[in-house]
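Have a look at the structure below before the remarks.
Throughout, read-outs are computed from the coordinates displayed, never taken from laboratory work. No experiment lies behind these values; they were computed from the predicted model shown. Glycine gets a Cβ as well: all are built from the backbone with ideal geometry, and neighbour counts include every protein chain shown.
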Amino acid sequence: QVQLVESGGGLVQAGGSLRLSCAASGTIFKFSAMGWYRQAPGKQREVVAAFTSGSSTNYPDAVKGRFTISRDNAKNTVYLQMNSLKPEDKAVYYCNAPTPWYDYWGQGTQVTVSS
């Protein structure tokens with residue numbers, strides 16, 4: 001049973017923008033501080049944006065000021081707005097929903113940035 005459904009990846013030119021969406025079941029959304037990760041070929045999966053306690057957010061330096069995570073509680077959806085994209089942002093992006101009983105992952109969505 002699919003618990004996280006991602007959408008919004010694609011091909012964009014450097015400097016462009018994309019918005020990723022991740023729809024979760026209500027239970028998962030309620031109990032999870034959700035986040036986004038990415039994995040480039042030959043590299044480890046890394047976090048790019050995450051909610052921490054309450055509505056606080058955390059970003060690594062590589063994306064700070066360019067990426068923004070947000071959530072729509074009415075739609076059980078978390079978003080990743082990516083601006084000023086760079087070729088090095090090319091990766092498969094995954095939605096993550098850690099809960100007390102399980103660590104959920106989306107299927108991944110490809111983001112490709114052309115130079």
Only one of (1) closer than 15 Å to residue 109 by Cβ; (2) under 14 Å from the mean Cα position of the chain (by Cα) is not met by residue 11, so which one is it?
(2)
Name the single residue, out of those in segment 66-115 being in contact with a helix residue (DSSP H, G or I) (Cβ under 6 Å, 6 or more places away or on another chain) and among the hydrophobic types (A, V, I, L, M, F, W, C), that is farthest from residue 26 (Cα to Cα).
113
Tell me, yes or no, whether segment 34-44 has at least one residue that is touching a Gly at 6+ places or on another chain (Cβ under 7 Å) and of a type in the set (A, V, I, L, M).
no
